[in-house]
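See below for the structure under consideration.
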Amino acid sequence: MAVVIDLDSLNFDEMDELETISGCSFDEIGEAGRPKAKVMKALVFITLKRQNPDITLDEVGKMSLTDIDFEGDGLGTDVNPT
């Protein structure tokens, strides 16, 4: 499944949810030493929840990187980690 991550498209509720799930303030996301897995999990959850409001954080937590084709790095550029 393709997931397009676009930080600029997050609304304020989604930004709040991202901070809550990741434990990072919005300006700390991406900084060295900050938890990356929690940020990725939160971003995937928030993005997928737009299309499937019934998806749970636990379901996303059971996914692996091979389950998701990332398109975009949140900055409007395309990346493919594989």
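The values are calculated or read from the model by the stated rules, or taken from the named source; none is laboratory data. This structure is a prediction, so every number in the text was calculated from the model and none was measured. Here the Cβ positions follow ideal geometry from the backbone for every residue, glycine too, while neighbour counts run over all protein chains shown.
What to note about this one:
- Scanning region 1-58 for residues that are among the charged types (D, E, K, R) and at pLDDT 90 or above yields Asp13, Glu14, Asp16, Glu17, Glu19, Lys38, Lys41, Lys49, Arg50, Asp54, Asp58.
- The residue that is farthest from the chain's Cα centre (by Cα), counting only those in region 10-35 that are surrounded by 14 or more Cβ atoms within 10 Å (Cβ to Cβ) and in a helix (DSSP H, G or I), is Glu28.
- Per the conditions (1) part of a loop (DSSP other than H, G, I, E, B); (2) touching a Cys at 6+ places or on another chain (Cβ under 8 Å), the sole criterion not satisfied by Val39 is (1).
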